[in-house]
């Protein structure tokens, strides 16, 4: 597609809303677009909304709450996709400040899902004077939404039928179509999904940035919960934003000099310490691979095991050699952590693009583990192939890895075979078989659609259709609330089981990662300490989503003297940085307690939102047993010494006199009782009743006692 070909697209609706300068981090307005009716308007942000919901994820949830009813389902026109940024988002001084938060009702869970994503779209949207974009309605045929943040032009365009369906082609074409010239390519960002999102519930959104050193588009993913599926159901082919003129203080900070000073402090820490710590600038999150394998935490064969002798074949040094080095791989300006690595000139071996050389964004740890060790694939090229096709088809790699591990275990147990998989061989380690599933998802075959409904659906389907054992299916289908678990072994850490399953949206890793504190360092020996951690860390991490921040600069790079501070796991010097940064940009004071309260307001609001949608009680907060302990004799025997010791010391049993089945049953009973006690302690610490409902008193204390919120809570008291 030629440069500036966007002018040739048929305009279905357009308007111009004058750009507005951001003041101290906020524009105090949101942009509403209904792709069904063509309505485009600005909506004010009140001081009350700003105070209660802060920004980012908070704004997205509030807009969604106001738009839907308790009966709304993910594919109803009134469901929304909301993209919101937060007051800190877009500053170019502090590393990790380019994040957007995407909120919608999830196809897999039926409740609000939020996903944190990089790329240039959010900041570029913000600089046109918007705190959030609210997308509603359902178009009759594919449309493109174009927003020019420099001129205020907003258009709903007819998407030409000859546009490609997959992101690596579509985002490149649209970037060129809406750029004014070659020098303007970096001023365009595209949000798109792919063909896989059209036929599955696992669709993701790709947010683009133009990489001028590679002379091509890179993408970052809003991956969890099927938001890309909602996007394509609404017949949105792409969102395109244009903004030219990024400079240092577009947030209009209250104290620009302080923003520079705080950012420079972290820049120096990264430059001096990263090579001695996590090596994020060379390896990204893939630096975790051998660490997790060494500590029995790397998911292997559908989370049955936590390590394997083949583990070093996927170690960080393997990925470091494959990643293109000496390129500043940040996903927003000014991020010296630069961990968004890629493998260039990778030649595809399967599917419609076989023989093509492409740039593969990643893999991140979650992808390398999920479609690597979890499906027993120790071929880096296989992982890269799956990574690429997941991204371009618009499929969440975390969910895909968890689902494929489940399918391969079912294949091993004889529950499914080639007659049920449209001929796909799902033997452990067969990454080409996994790719065949991806291609079937993109094509919309019967099996591809079945797989794309998620592991919760598959477990129930295999029971009802193939006569699989119901308890076994329930035990090994790794999901919570319908969302597939991410890629850490949680069965040896009670606190991490809570970190996964005592969450609002399902088992993902952005609320609490407590495995080392709990399992390795034994820092959380009591239920009360675990509950404190499961209060603080989810609230603290929620704050990144309110502000438009990436969490990685918080603890993947640490001050050299961090170990000397009280509670070093919280990286307290960096927490102070964030409070100071917020104040420097907004002009509003913020201390450690105030930070947590900002998050508690939104976290509790989201919990009530779940209740409003018919979920969110205690019975929604339980893990499948695979996430808690050994399901099979093989799992037990792989950690026999550890489990026998627990039976002897904690239950005063004599394991030498027991069969493996008896030991599994005794351990299961014990671990289930421990989890019940954990739930009680966490609910109490969070200010919820014993069914997981926030109390009226707690909501009043937080200032989240809105009449509509209290009305929902009172229905459950």
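What follows draws every value from the coordinates through simple rules; no lab data is involved. Since the model is a prediction, treat every value here as computed from it, not as a measurement. FYI the Cβ positions are ideal-geometry reconstructions off the backbone, even for glycines, and counts take in every protein chain you see.
Taking 18 Å as the cut-off, the amide N atoms of the range 462-485 that come nearer than this to a point 7 Å along the Cα-to-beta-carbon line of residue 619 belong to 471, 474-475, 480-483. Put the Cα centre of the range 299-344 next to the Cα centre of the range 644-691 and the gap is 35 Å. Placing a pseudo-label 7 Å from each Cα along the Cα-to-Cβ vector at residue 162 and residue 213 gives an inter-label distance of 3.6 nm.
When only alpha carbons are used to place a centre, the range 214-270 and the range 598-628 end up 28 Å from one another. Normalising the average separation of contacting C-alpha pairs (under 8 angstrom, six or more residues apart) by the number of residues puts the relative contact order of the chain at 15 percent. Exposure proxy for 324, 141, 419: other Cβ atoms within 10 Å of each Cβ, ordered fewest to most, give 419, 141, 324.
How would the range 545-703 be classified by its alpha-carbon gyration tensor: rounded, prolate or oblate, with rounded meaning a/c under 1.5 and the a/b versus b/c comparison settling the rest?
Working: a/c = 2.97, a/b = 1.66, b/c = 1.79.
Cα axes put the range 545-703 in the oblate bin.
In terms of surrounding Cβ atoms within a 10 Å radius of their Cβ, 85, 292 rank from fewest to most as 292, 85. Considering only beta bridges that DSSP places wholly inside the chain, some 85 percent are antiparallel.
Here the extension length gained between residue 151 and residue 715 equals 198.3 nm, from 0.36 nm per residue of separation less the Cα-Cα distance.
Based on the Cβ-Cβ distance from residue 471 to residue 555, what FRET efficiency comes out when R0 is 41 Å, to the nearest 0.05? Each step should come with its number before you reach the end.
Details: r = 38 Å, r/R0 = 0.94.
Computed FRET efficiency for residue 471 and residue 555: 0.60.
Modelled spin-label separation between residue 522 and residue 637, with each label point placed 7 Å from Cα along the Cα-to-Cβ direction: 3.0 nm.
Return 704, 280, 28 ranked ascending by Cβ neighbour count within 10 Å, so the fewest neighbours appear first. Don't jump to the answer; show the numbers that get you there.
Numbers: 704 21, 280 24, 28 17.
The most exposed by this proxy come first: 28, 704, 280.
What relative contact order, as a whole-number percentage, does the range 617-686 give when Cα pairs under 8 Å and 6 or more residues apart are counted?
32
Helix content alone sets the calculated 222 nm mean residue ellipticity of the chain: runs of n ≥ 4 DSSP H residues at -39500 (n - 2.57) each, divided across all residues, give -12000 deg cm²/dmol. Between residue 47 and residue 254, the modelled labels are 1.4 nm apart [label points 7 Å from Cα along Cα→Cβ]. Given the alternatives [x] 32.7; [y] 28.3; [z] 39.9, mean projected area of the Cα convex hull in nm² as computed for this entry is given by [y]. The slack in the chain from residue 532 to residue 275, taken as 0.36 nm per residue of separation less the alpha-carbon distance, amounts to 89.3 nm. Counting 0.36 nm for each residue step from residue 181 to residue 356 and taking away their Cα separation leaves a gain of 60.3 nm.
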